[in-house]
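J.: There's a structure below that I have some questions on.
The values are calculated or read from the model by the stated rules, or taken from the named source; none is laboratory data. From a predicted model like this one, the values you see are computed outputs, not experimental measurements. Cβ atoms come from the backbone with ideal geometry, glycine included; neighbour counts cover every protein chain shown. Note: areas computed on protein heavy atoms with side chains; ligands, DNA, RNA excluded. Shrake-Rupley method; radii C 1.70, N 1.55, O 1.52, S 1.80 Å.
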Amino acid sequence: MPHSKGMRLRVNGIVQGVGFRPFIWRLATELKLTGRVFNDTGGVIVELNCSAAQAGEFAELMLQQLPPLARIDAMHQEALDLPVFSSFAIDVSQSGIVTTGCAPDAATCPDCLSELFQPGDRRYHYPFINCTNCGPRLSIIRQIPYDRASTTMVEFTLCAACQQEYDNPADRRFHAQPNACPDCGPHCWLETPGGEPVASETPFQALGEALRDGQIVAIKGIGGVT
Ligand SMILES: [Zn+2]
Ligand SMILES: [Zn+2]
């Protein structure tokens with residue numbers, strides 16, 4: 001592969017699990033820059049076939065348009081020899097000594113809330129709805145880099161519809177690691193302290209009734225027990 005002068009940006013902060021790589025992909029594609037982005041254990045690395053001035057412009061736009069859950073603590077820019085890439089790609093994560101942080105879990109975002117209460121939506125009343133801008137993060141991660149295989153969601157194989165969202169850079173759920181739906185994701189059910197399932201079509205209503213009756217309940221989500 002031919003090489004030429006390029007730029008590498010190292011970004012540290014809360015940049016994993018917040019839609020940062022898809023965001024970088026969109027920005028680079030919009031600016032018609034080639035290169036790649038990948039997570040490493042220190043944060044995110046962006047490599048661009050471009051001049052220092054173009055990289056500066058890229059960094060400025062990046063800071064202006066950050067995804068809602070992302071936070072940048074430090075950024076370093078260096079010139080180096082890079083392969084000449086034919087497009088901009090999201091590359092595999094690199095492992096090593098962990099120094100990056102992970103985002104905390106985030107409350108359901110307005111877009112997900114409107115789907116949640118939209119009759120006919122495929123996630124209508126689905127309690128585990130989430131997207132790149134909301135949902136569980138820290139409580140489901142087992143190790144960094146933050147990829148689905150490193151989370152408790154690894155046990156749930158994405159259905160075709162969810163996989164399509166996950167793979168589509170234009171979708172709000174592009175690379176959303178906890179992406180799920182009623183067909184492929186976790187379900188909720190009620191059980192007695194002894195582990196006996198309680199038959200109920202509407203577990204949350206039954207839960208409310210149990211609370212009203214003065215019973216004690218524990219709620220276990222994909223991130224742990226409340
Ligand atoms: Zn959301
Ligand atoms: Zn699904």
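J.: For the chain, can you list the cysteines whose C-beta has no other cysteine C-beta under 4.7 Å from it?
T.: Taking the Cβ cut-off of 4.7 Å, the unpaired cysteines of the chain are CYS50, CYS102, CYS112, CYS131, CYS162, CYS181, CYS188.
J.: Per residue of the chain, what 222 nm ellipticity follows from adding -39500 (n - 2.57) for every DSSP H run with n ≥ 4, rounded to the nearest 500?
T.: Helices in the chain give a 222 nm mean residue ellipticity of -6500 deg cm²/dmol.
J.: Roughly what % antiparallel, to the nearest 5, for the DSSP beta bridges in the range 3-90?
T.: 90
J.: Next question, about the same structure. Ignoring ligands, DNA and RNA, what percent of the accessible area of the chain is carbon or sulfur (1.4 Å)?
T.: 54
J.: Report the net charge of residues surrounding GLU57, where surrounding means a beta-carbon distance below 15 angstrom and charges are Lys +1, Arg +1, Asp -1, Glu -1. Could the numbers behind the result be given before it?
T.: Values: positive: LYS32; negative: GLU30, GLU60.
The answer is -1.
J.: While we're here: Mind computing the radius of gyration and Dmax over the alpha-carbon atoms of the chain? Å is fine for both.
T.: For the chain, the Cα-based Rg and Dmax read 20.5, 72 Å.
J.: What does the charge count around PHE38 come to, taking other residues whose C-beta lies under 14 Å from its C-beta (Lys +1, Arg +1, Asp -1, Glu -1)?
T.: Local charge sum for PHE38: 0.
J.: Now, a different point. Modelling each spin label as a point 7 Å along the Cα-to-Cβ direction, I'd like the PHE117/GLU196 distance in nm, to one decimal.
T.: According to this spin-label approximation, the distance is 3.7 nm.
J.: While we're looking at this one, here's another question. Can you run phi through the Karplus equation (6.51, -1.76, 1.60; θ = phi - 60°) for the range 177-190 and list ³J(HN,Hα) in whole Hz, with x for Gly and Pro?
T.: 4, x, 3, 7, 8, x, 6, 10, x, x, 10, 10, 8, 10
J.: Here is a further query. Per residue of the range 53-69, what does 6.51 cos²θ - 1.76 cosθ + 1.60 with θ = phi - 60° give for ³J(HN,Hα)? Whole Hz please, x for Gly and Pro, Karplus curve as stated.
T.: After applying 6.51 cos²θ - 1.76 cosθ + 1.60, I find 5, 5, 5, x, 5, 4, 5, 5, 5, 4, 5, 6, 10, 3, x, x, 8 Hz.
J.: What accessible area per residue, rounded to a whole number of Å², is obtained for the range 1-56 using a probe radius of 1.4 Å?
T.: About 35 Å² of surface per residue is accessible.
J.: Still on this structure: At 1.4 Å probe size, with no ligands or nucleic acids counted, give the accessible surface of TYR166 in Å², nearest ten.
T.: The value for TYR166 is about 40 Å².
J.: Shifting gears a bit: Which order do the peptides 129-137, 82-90, 47-55 come out in when sorted by mean C-beta neighbours inside 10 angstrom, highest first?
T.: By packing density, highest mean first, the sequence is 129-137, 47-55, 82-90.
J.: Now a separate question. Considering only protein heavy atoms, with the full assembly of protein chains and a 1.4 angstrom probe, order GLU196, GLU165 by accessible area, largest first.
T.: I get GLU196, GLU165, largest accessible area first.
J.: Rank these residues by their accessible area, most exposed first, probe 1.4 Å: LEU116, LEU211.
T.: Working: LEU116 25, LEU211 95 Å².
Correct descending sequence by accessible area is LEU211, LEU116.
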